[in-house]
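This report concerns only the one structure given below.
Taken together, the values in this text are just the output of simple stated rules run on the coordinates, not laboratory data. These numbers come from a predicted model, not from an experiment. Quick reminder, even Gly has a Cβ in these numbers, built from the backbone with ideal geometry, and neighbours come from all protein chains shown.
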Amino acid sequence: MQRQALGWRQAGSRVVLVPTMGALHDGHRSLISLARKKVKKDGVVVVSIYVNPVQFNDPQDLDNYPRTLSLDKKICREESVDIVFAPNNLYKKDESVEVKEDNLTTRLEGVHRPGHFTGVMTVVAKLFNLVLPDFSVFGEKDFQQVAVIRRMVRDMNYPISILVGPTLREVDGLAMSSRNVLLTGDLRGQATVLSRAIELSRQSIGSRSVYLKRRLRRFIEKQPDAQVDYIEFVDTINLNPIKTVNKGSRILLAAKIGPVRLIDNGLL
Ligand code: PAF
C-alpha cells in the first residue's frame, strides 16, 4: 500500500482516504462521495476496510461486528472508489507503540470504552502512514472520534486535512450505523428513541443540563430493552460539559438497545 502511495505522491496525484471498518451503508456512500468531490476525477479515492481489533474493549462486540467484504467491494465499485485497502492484519505480534491522547479521550466514550480511542488513533495513524493521503474523511456520527482525530493530526503534525460528512438517518430518524443490522425484532423500533431524545433536547433550549439529562434518561429507558450509558451536553469545540443547554451546543449520547450499543449526537 505504501509503495503504491509513494508512486501517487511522485506523480503529484491528490489522495483521499475514507477509513472504515466495513459493513458499508449509505452513510459510507456519502463519505465516499464527499471524498470524490474533494479530489475530483483525477484524484485517488482509497477506502480502507479493517475491523480494528484493538479499538474493541468488549471481545463479544468484536466477534459480533458485521463483516461483509464482498458486498463492501461491490459498493466501492458502484461509488467508483479507486482502491479498496483491506489488510488482514495491521499489527505485529510484539507491537509496543501506540498513540494516546490525554484530554478529549478522558470522557464520554473514553470512560465507557477504556482503550477505545488509543486503538482508533493507533490504527488511523497506521493508515495515514500507509496511504499517505492529503485528505481523510470521517463521519460526524462519531463526533468525539472526529475531535480526537483532529487533535492527533494537530499535535502529531500530520499534513492531512480532515473532512467531516454529516450523519445520515433512516426515515424514522435512526442514525445509519454498521451496527444497525444487529438490531433484530422490535429492537430496531426501540432504537429510534435516541434520535427522538435528540429532538426532545432541541425543544428544551435554556434548560439546566442536569435536569434535562435525567428527563432524557427516563424517556429513553421507557423502552423495555434500552439502557443509557451516558447523555451529555457539551461545547462543540472542546467537548467540555455545559451547565445550561444552549443553541450551538451538542448532545452526545450512548445507549444499549438489547445487546447492541449505539451512539448518536446532534447540534442543538
Ligand atoms: O469509525 C470507524 O469506522 C473506525 O473507528 C475507524 C476510523 C475506521 C478506525 O478503525
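Key figures for this structure:
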item: Nearest-ten-degree value, helix 209-221 long axis tilted from longest Cα axis of the chain; result: 90
item: Protection proxy ranking of 203-210, 46-53, 80-87 - average other beta-carbon atoms within 10 Å, highest first; result: 46-53, 80-87, 203-210
item: Relative contact order of the chain, defined on C-alpha pairs under 8 angstrom at six or more residues apart (%); result: 17
item: Normalised contact order of segment 4-47, rounded percent, pairs of Cα under 8 Å and 6 or more residues apart; result: 51
item: Angle in degrees between helix 143-155 and the longest Cα principal axis of the chain, rounded to the nearest 10; result: 50
item: Cut-off under 5 Å, modelled amide H: who pairs with Asp229 long-range; result: Ala254, Ala255, Lys256
item: Ordering of 62-73, 22-33 by burial proxy (mean other Cβ atoms within 10 Å per residue, highest first); result: 22-33, 62-73
item: Extension gain from Asn129 to Tyr91, taking 0.36 nm per residue of separation minus the Cα-Cα distance; result: 12.3 nm
item: Contact order relative to length of segment 122-268, as percent, for alpha carbon pairs under 8 angstrom and 6 or more apart; result: 20
